[in-house]
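For reference, the structure discussed in these notes is given below.
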Amino acid sequence: MIISFQQTTIGRVAVAESGGAITKLCFGMDTLPQQAEIGETELIKEAFRQIDAYLAGKLRLFSVPVALSGTPFMQRVWKILCSIPYGTTLTYRDIAVAMGNPLAARAVGMANNRNPVPIFIPCHRVIGSNGALVGYRGGLGLKKRLLELERGALDYTV
């Protein structure tokens with residue numbers, strides 16, 4: 001696994017690649033993978049170009065390949081996250097219902113929390129059933145900022 005760092009408009013971000021796919025995105029306060037070797041590849045450079053374009057409001061859909069390691073349940077949740085359109089949100093319950101199990105909202109939240117590539121897999125687009133911003137690895141301030149970037153300034157409860 002190769003990992004590289006870049007300063008972005010949302011702070012320091014690290015992106016890791018393994019086997020020709022992006023496997024990890026870390027925010028400044030995240031623990032980095034121990035087995036990672038610091039370096040840079042063309043894929044990592046492209047991932048940062050796309051992150052910068054997204055943060056500048058010029059990109060809505062990422063095209064870098066990602067490889068996600070997780071349980072089948074997590075994989076299903078992450079697939080649904082990828083289907084949430086730019087600028088919209090779903091609740092944890094919405095996702096549980098889409099999976100056919102309305103009582104799985106907490107499990108959806110745990111899978112959301114374990115998303116290894118936030119931003120690329122837009123877990124920031126998931127909110128509480130009351131419209132409140134809840135649970136984001138990068139912090140609620142960053143979650144609010146990403147949603148505002150996508151939808152314009154909105155009144156979210158933090």
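For region 69-82, which residues satisfy the criterion of being touching a Leu at 6+ places or on another chain (Cβ under 9 Å) and open to solvent by 40 Å² or more (accessible area, probe 1.4 Å)?
Answer for region 69-82, where residues must be touching a Leu at 6+ places or on another chain (Cβ under 9 Å) and open to solvent by 40 Å² or more (accessible area, probe 1.4 Å): just 75.
Any chance region 143-157 includes a residue that's part of a helix (DSSP H, G or I), open to solvent by less than 20 Å² (accessible area, probe 1.4 Å), aliphatic (A, V, I, L, M) and closer than 18 Å to residue 14 by Cα?
Yes, region 143-157 contains at least one residue that is part of a helix (DSSP H, G or I), open to solvent by less than 20 Å² (accessible area, probe 1.4 Å), aliphatic (A, V, I, L, M) and closer than 18 Å to residue 14 by Cα.
Identify all residues within region 121-141 that are open to solvent by 20 Å² or more (accessible area, probe 1.4 Å) and not small (Gly, Ala, Ser); write none if there are none. Walk me through how you get there before you give the answer.
Step one: list which residues in region 121-141 are open to solvent by 20 Å² or more (accessible area, probe 1.4 Å), which gives 129-131, 134-137, 139-141.
Those that are open to solvent by 20 Å² or more (accessible area, probe 1.4 Å) and not small (Gly, Ala, Ser): 130, 134, 136, 137, 140.
So which of 97, 66 ends up being open to solvent by 40 Å² or more (accessible area, probe 1.4 Å) and touching a residue at least 12 places away in the same chain (Cβ under 8 Å)?
Exactly one of 97, 66 is open to solvent by 40 Å² or more (accessible area, probe 1.4 Å) and touching a residue at least 12 places away in the same chain (Cβ under 8 Å), namely 66.
Kindly list, by first and then second residue, each pair from a residue in region 42-62 that is surrounded by fewer than 15 Cβ atoms within 10 Å (Cβ to Cβ) to a residue that is among the aromatic types (Phe, Trp, Tyr) and assigned to a loop (DSSP other than H, G, I, E, B), limited to pairs with Cβ atoms under 9 Å and residues at least 6 apart or on different chains.
60/86; 61/86
Count, please, the residues in region 26-45 that happen to be modelled with pLDDT of 85 or more and polar (S, T, N, Q). I'd like the intermediate steps shown before the answer.
Within region 26-45, the subset modelled with pLDDT of 85 or more is 26-27, 37-45.
Applying the additional criterion that residues be polar (S, T, N, Q) yields 41.
Residues that pass the stated criteria total 1.
Out of everything in region 4-38 that is outside any strand (DSSP E or B) and of a type in the set (A, V, I, L, M, F, W, C), what residue ends up being most open to solvent (accessible area, probe 1.4 Å)? Steps first, answer last, please.
Start the filter on region 4-38 by keeping residues that are outside any strand (DSSP E or B), which leaves 9-10, 19-20, 28-36.
This time we only want the ones that are of a type in the set (A, V, I, L, M, F, W, C), so: 10, 29, 32, 36.
Working: 10: 33, 29: 125, 32: 71, 36: 29 Å².
Residue satisfying both the conditions and the ranking: 29.
Which of the following residues is in contact with a helix residue (DSSP H, G or I) (Cβ under 7 Å, 6 or more places away or on another chain), assigned to a loop (DSSP other than H, G, I, E, B) and not aliphatic (A, V, I, L, M): 87, 100, 109, 138?
Details: 100 fails: in contact with a helix residue (DSSP H, G or I) (Cβ under 7 Å, 6 or more places away or on another chain); 109 fails: assigned to a loop (DSSP other than H, G, I, E, B); 138 fails: in contact with a helix residue (DSSP H, G or I) (Cβ under 7 Å, 6 or more places away or on another chain).
None of the others qualify; the one that does is 87.
Does region 67-85 contain any residue that is of a type in the set (Gly, Ala, Ser) and under 19 Å from residue 13 (Cα atoms)?
Yes, region 67-85 contains a residue that is of a type in the set (Gly, Ala, Ser) and under 19 Å from residue 13 (Cα atoms).
The values are calculated or read from the model by the stated rules, or taken from the named source; none is laboratory data. Note that the structure is a prediction, hence the values are computed from the model and not measured. Glycine gets a Cβ as well: all are built from the backbone with ideal geometry, and neighbour counts include every protein chain shown. Accessible surface is based on the protein model in full, side chains and every heavy atom, while ligands, DNA and RNA are left aside. Shrake-Rupley method; radii C 1.70, N 1.55, O 1.52, S 1.80 Å.
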